[in-house]
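The values are calculated or read from the model by the stated rules, or taken from the named source; none is laboratory data. Small disclaimer: the values here were computed from a predicted structure and weren't measured. Counting neighbours? That spans all protein chains shown, and the Cβs are built from the backbone with ideal geometry, glycine included.
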Amino acid sequence: MQVTQVAFGDEAFPFKLQHDKFVNQGGPPHYHAETEIIIIHKGEGFCFINNCSYPLKKNTVFLIHPHEVHNLVLPDPETVEKTVLLFDLSIFPKAQFAEETSFFSGCSPKFKHQVCFEGNSAYGLQIIINGMVVEWEEKGPLWEDSVLLGLLQLAVVLVRASAGSKVPASESDACPLVINAIDYINKHFSEKLTLRCVAEAVSCSPYHLSHLIKKYTGITFKDYLTNYRISHARMMLENTDLKVTSIAGKTGFPNLQNFNRSFKLLTGITASTYRRACKRISG
């Protein structure tokens, strides 16, 4: 599978928070050296972690420990609202918080990738997350201490929720055919790719493969391919000086018109506008 390593950066307080009310797309598979926690507030889709697929539901938390390959697949991205916490384990004094460090690193037997909250526990979860969002955005006095306290509270509720819940039936390995098909798409997205040629590569009929991809990812073959291509196009726009025409060709689009239409449909803006915005942000 083609994956991207995401660099976190060297910061005195290795923590980042992102709260998205509207998500443009899930993005390609990637990994990083930090622990990531994704809290789903609303919306539907799937979270892929290694070779497992997990459904997105309201008040669901995904815990991804360092170096695990993961990505979100979103049938209707604009309906998804989520909060993402990304932090290095060095944020915890090891001697004092050994158990929390073990849990967030994935070494604890209490660890689960997916934890679902309901009722009062969901309300408690939202209070913790809302408090961390406020501290992150305002950065008042002692905000780092408050964020660290929020992570410790989150560890407590995750451990308790994990201990009191059964592993959902969906927390099983995704269909091998779908895994192989997604792997093939990720490796050959820049080529002229059709459902039929992917089906032939995994020894399956196009109709059956189409049904399986929709069942396990929540979106169609065409939508997954387009999302994956646009994700890579965005990275090229952010990190290279290649012309838009060249990027369109390198990401598998048959012509510039098709690329422009797909890019604006998924991001809401043109590729040129997106590049200018990235340059303004970077400085």
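A few remarks follow.
- Check on Glu191, among the charged types (D, E, K, R) and in contact with a Pro (Cβ under 9 Å, 6 or more places away or on another chain): no
- If the condition is being of a type in the set (Asp, Glu), modelled with pLDDT under 80 and within 23 Å of Ser121 (Cα to Cα), then region 46-104 contributes Glu99, Glu100.
- Residues that are closer than 20 Å to Gly45 by Cα, in contact (Cβ under 8 Å) with a residue 60 or more places away in the chain and small (Gly, Ala, Ser) within region 199-258 comprise Gly218, Ser231, listed in sequence order.
- Residue in region 178-185 that is outside the structural domain of Phe117 (by TED's automatic domain parsing), of a type outside the set (Ser, Thr, Tyr) and either modelled with pLDDT of 90 or more or in a loop (DSSP other than H, G, I, E, B) (or both) present: no
- Taking region 190-283 and the helices (runs of 4 or more DSSP H) fully enclosed by it, the elements with 3 or more residues that are among the hydrophobic types (A, V, I, L, M, F, W, C) and buried (at least 17 other Cβ atoms within 10 Å of the Cβ) are at 195-201, 206-217, 221-239, 244-250, 256-267.
- Matching residues in region 269-281 - criterion: being modelled with pLDDT of 80 or more and either at positive phi or in contact with an Asp or Glu (Cβ under 8 Å, 6 or more places away or on another chain) (or both): Arg275
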